[in-house]
1. Pull up all non-local amide H partners of F:G151: gap of 5 or more, or a different chain, and H-to-H distance under 5 Å with H placed in the peptide plane.
2. Once you average over the residues of C:182-193, how many Cβ atoms of partner chains fall within 10 Å of each Cβ?
3. For each pair in B:K43/F:K43; D:K123/D:K206; B:K142/C:K209; E:K123/E:K206; E:K209/F:K141, compute the distance between the two Cα atoms and list the pairs where it is over 22 Å.
4. Between A:I202 and D:T162, what FRET efficiency comes out of the Förster formula 1/(1 + (r/R0)^6) with R0 = 22 Å and r the beta carbon distance, rounded to 0.05?
5. Per residue, how much accessible area does the stretch A:163-211 show when a 1.4 Å probe rolls over the protein heavy atoms, in square angstrom?
6. Return the long-range amide H neighbours of A:V105 (sequence gap of 5 or more, or a different chain), with a cut-off of under 5 Å between placed amide H atoms.
7. Suppose R0 equals 30 Å; then what is the FRET efficiency for E:A33 and F:T139 from their Cβ-Cβ distance, rounded to the nearest 0.05?
8. Using the Karplus curve 6.51 cos²θ - 1.76 cosθ + 1.60 with θ = phi - 60°, what ³J(HN,Hα) values do you get for each residue of the stretch C:33-42, in whole Hz, with x for Gly and Pro?
6 protein chains.
Amino acid sequence: MMRMISLIIFIFSLLLFSCHAAVQDFCVADLTAPETPAGYACKKAANVTVDDFVFSGLGVAANPTGTFTKYYKSAITTAFAAQFPGVNGLGFSFARLDQEPGGVVPIHAHPGASEAILVLEGKITAGFVSSANKVYYKTLKKGDVMILPQGLLHFQVNAGSTPVQIFVTFSSANPGLQILDYSLFSNDFPSELLAATSFLDIPQIKKLKAFFGGTG
Amino acid sequence: MMRMISLIIFIFSLLLFSCHAAVQDFCVADLTAPETPAGYACKKAANVTVDDFVFSGLGVAANPTGTFTKYYKSAITTAFAAQFPGVNGLGFSFARLDQEPGGVVPIHAHPGASEAILVLEGKITAGFVSSANKVYYKTLKKGDVMILPQGLLHFQVNAGSTPVQIFVTFSSANPGLQILDYSLFSNDFPSELLAATSFLDIPQIKKLKAFFGGTG
Amino acid sequence: MMRMISLIIFIFSLLLFSCHAAVQDFCVADLTAPETPAGYACKKAANVTVDDFVFSGLGVAANPTGTFTKYYKSAITTAFAAQFPGVNGLGFSFARLDQEPGGVVPIHAHPGASEAILVLEGKITAGFVSSANKVYYKTLKKGDVMILPQGLLHFQVNAGSTPVQIFVTFSSANPGLQILDYSLFSNDFPSELLAATSFLDIPQIKKLKAFFGGTG
Amino acid sequence: MMRMISLIIFIFSLLLFSCHAAVQDFCVADLTAPETPAGYACKKAANVTVDDFVFSGLGVAANPTGTFTKYYKSAITTAFAAQFPGVNGLGFSFARLDQEPGGVVPIHAHPGASEAILVLEGKITAGFVSSANKVYYKTLKKGDVMILPQGLLHFQVNAGSTPVQIFVTFSSANPGLQILDYSLFSNDFPSELLAATSFLDIPQIKKLKAFFGGTG
Amino acid sequence: MMRMISLIIFIFSLLLFSCHAAVQDFCVADLTAPETPAGYACKKAANVTVDDFVFSGLGVAANPTGTFTKYYKSAITTAFAAQFPGVNGLGFSFARLDQEPGGVVPIHAHPGASEAILVLEGKITAGFVSSANKVYYKTLKKGDVMILPQGLLHFQVNAGSTPVQIFVTFSSANPGLQILDYSLFSNDFPSELLAATSFLDIPQIKKLKAFFGGTG
Amino acid sequence: MMRMISLIIFIFSLLLFSCHAAVQDFCVADLTAPETPAGYACKKAANVTVDDFVFSGLGVAANPTGTFTKYYKSAITTAFAAQFPGVNGLGFSFARLDQEPGGVVPIHAHPGASEAILVLEGKITAGFVSSANKVYYKTLKKGDVMILPQGLLHFQVNAGSTPVQIFVTFSSANPGLQILDYSLFSNDFPSELLAATSFLDIPQIKKLKAFFGGTG
């Protein structure tokens, strides 16, 4: 018994240092502070609760009001550091994708992360293109996981006749997202410059710029 | 047209270099080669196919034969680098957990990775203990994601009356796994030493050693 | 001589840039600023003195008043970033452990760092358990160094009849610390949940909770 | 003098250890060994010469035979780990770009590296598109350096009437390269799938596939 | 057409999240904020312009007024994070070196970065010494690239009869710089201590201290 | 009891995967395999014993035979990855320094690691020079710890009249070592080139080259 008493006293001294040291096992993002190259500054440990580690927003499909049409329902909900501050500094983040039949996630890339998709519902064809210009794609069924290595162009399309639901993991708390069409056609990228560097025809560019809201 | 021809020739020269450079966007594990601190050596790119990036083993529950009982069905299937060589070097890996009502994943830790759990079916109570000895736990419903920061002790128990299915993400291709009871009671950890360093009573230790197959 | 004159002028121009660049070879922690995933913000270089790089607190044993008993003296002094701001960002930190005969450091883990112990006085039995549930332990004499890989449960007990003094190195400026008993028995971890996830008997849990100050 | 003698003896003992330790300050790639996620295995230090650290291939423009046309001369020479084994493990690599008037480097990205371009000759318009779909571009003159952050689509076009020569730095020894048109039009990416995920019209796709050698 | 409409709506929802997430592909340094071990805090993305990614200061030689002499013209201009905030967090930075005939960059090291030099004009002899005390040096001509691994002592001297211009890349946004002579002779390093630890003769030390402005 | 039985079965299934996964918590160096930029390849886990984690070589002073003189005893014993394979991949390594009265560790740097010294016996004056050419030095007593940031020139001299014993920690398993005098005077560094880049006088260089065994 004496032994336990002395030990517990010893442990109290450990705890004491622990208290002084403000040892952080995690770094829940303080979104009001500026970012650094390693992520957001940490919220004070005393203010952290279990809810900082739980995200319920992926349990429901995105609100379809206005963002779904008859043929092409697609919606994404993200749980990156900005939505889910608990992932800050931990090296991963998440998202949910819903697609109605015919749904498409257009060609895009994540500059700072690899991606993995888990098919929760439906059938999907997903793929990526490597630096060697090889297309790796496959039709996936419920329960399949496919990985899409960092920074490479990839896509996902509903390959069935039922809705698709996908859970997405990224290997970064802040993966970035570059959708090809939006990168090219939704901004003021000058059409001549775009034609010269993409080899697309000007009429094709003009058509898509009109569509995606681009100018120039 | 001349422009395109010259460009394509230019691009061929890019490809040529690319070919010489053996540029690797990924490093699918060659499991026959020894590991390094950064992971396995890479399989030759020429031998990589789309199937190296797809894992279908998480789509089915583990075979219950012999590993499930009437009250406590629990089974895990992993997709770490050793089962899913495509994740080698990419910084994440995956697993699936199935629990019948009453199922428990006992207290454990992953020495080299943070974990995130997504509830696919059922209701689960999950939690972890921080360095400050605070227990963060919550009962999660389908669609909830909870993160369990690197190296900390944590647990998951079926909190409902229906089966639980969970998709697990780790922030490493090789997260490790240290189950508390197995660490203490399944091996030749001398009981006296264990009692001295755990403050458990010898009878408790003996009982659990008998149960988990330990000696000493 | 002309050569030297021109060179020194050149070097002054180097210094000038250096001054503008505020080149930092180190990042002494400003403990008043919030932490980031990479550590504390840096104290201004102009305010850094040699004392920021020297820590004298490990040269003396912890004050035994109240924390030592007749049979189980054990005390730890830490030099983590919070106590020794100079280690911030450098990837290591330190501690000192003193144990009277019979002293024990109970089973614990550091979620974010490997540990190395150097025996300065006495004889110690130290060990860790791997993910494969193998116990690696050995009795060490003065001058021995033993390493305890990241995140794994480990322990140290005085194996002799004289006091033990140990110098500890961690591979992180902020290694964290999770003492098993305190994680389980010093907080409000519900006893039923703990029993279910640890397989300890309720009476054992209640006894240790009473001892370590836990509730629930 | 005695002092120096003893010191030199001491230093010999340092050297001795150094010899045993096979301390490596660098890791020149052994291109015959398999890659790992951290790069190639190291050539034995004893076989390393100063020539492993020098690359002369960027001092001359690429041979134009067959790869240049009247209007669109463009050629690239790379010094990645596969061509310049000395950069293995050091975190950077290099390339040279030559462009005749009208030359274009089409839209592309490097999945694993940021890029910096230094204009050595001529006038160039370079730019990239961010995740927020903003186009950042500028016409650069000789001596300007522009950085293109990791993984983002970017381009370079000769903006003058004289040849352009550019020195390129990457923040990785193996940066990867994904040229948009080649990713889409030089392989067997099925046209229907490409149309669905790129929103390009089928005739445009067919035209470019014919041009870039694609099928499907 | 319906398809495009629905898709664009889907993409708008992506953009919306993107906006909330404040996804950062880059982290242009806010030089007014304190540094962290990972670099400076990021300037708000909304305030970033293309000019943050362009540095024109390396296009001109340093102003020779007062810093050049008849025989030893040498000047350096740096583009580290403090001068070129765009490189913050990207893992590289740059500099330009100009040398008149006879110019010398004295022995120095960069504690936190490897270096690569590209000869733009003239002929230079550059070299470094390894941990094994082997000197690797070579005379380089225009267009040659030589790498100088991290933390090792190295030097560059004009080996020709014409001016030298060199473009320098570092594998860090903040490489540091330690010039041997200035480290030893420009400060208050006590001469006796310096003699004891460098084995230089006191008169040599005194002569160089007088020259480089040192005291003690 | 049923509960425990089912659980243990569940855990056996975990162990089974663990066995297949060959989960490695550590990567003890296989010194017969080539190094990689991340360290040596791992010894097979089945062949690892507790002795791979214990190093006893720092418990004794280096053998003085031939390496000690009457006035300047100094000897170093290292426990880097090459001597202590267990540290491979763990981010630290160790050494022991012994100095008789008057002992000196001459000015040197570790290109790839920060260093920390713990004074075990005696009194020492240790210091380093920063990129800003400031000398930070202090006389340390037994029990003091001083840190010497990565890549910077530093030194240690016996400041008392009794032997000094120091325990050294490095923040890398392979820290490298560049001793200034040996870098300059023990090899074939041409004297003229050395004079030009160090500003030392030729007679001083010749004297030290004669002493340290250099040529040229």
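1. Correct list: F:H110, F:A113.
2. Counting Cβ atoms of other protein chains within 10 Å of each residue's Cβ and averaging gives 6.
3. D:K123/D:K206; B:K142/C:K209; E:K123/E:K206; E:K209/F:K141
4. 0.25
5. Value for the stretch A:163-211: 25 Å² per residue.
6. Placed amide hydrogens put A:Q156, A:V157, A:N158 under 5 Å from A:V105.
7. Efficiency at R0 = 30 Å is approximately 0.25.
8. Each residue's phi maps through the Karplus curve to give 8, x, 6, 10, x, 9, x, 6, 5, 8 Hz.
The values are calculated or read from the model by the stated rules, or taken from the named source; none is laboratory data. Here the structure is a predicted model, which is why all the values come from computation and not from measurement. Virtual Cβ from ideal backbone geometry, glycine too; neighbours counted across all protein chains shown. Each accessible area value is taken on the protein alone, full model and side chains, heavy atoms only, with ligands, DNA and RNA left out. Shrake-Rupley method; radii C 1.70, N 1.55, O 1.52, S 1.80 Å.
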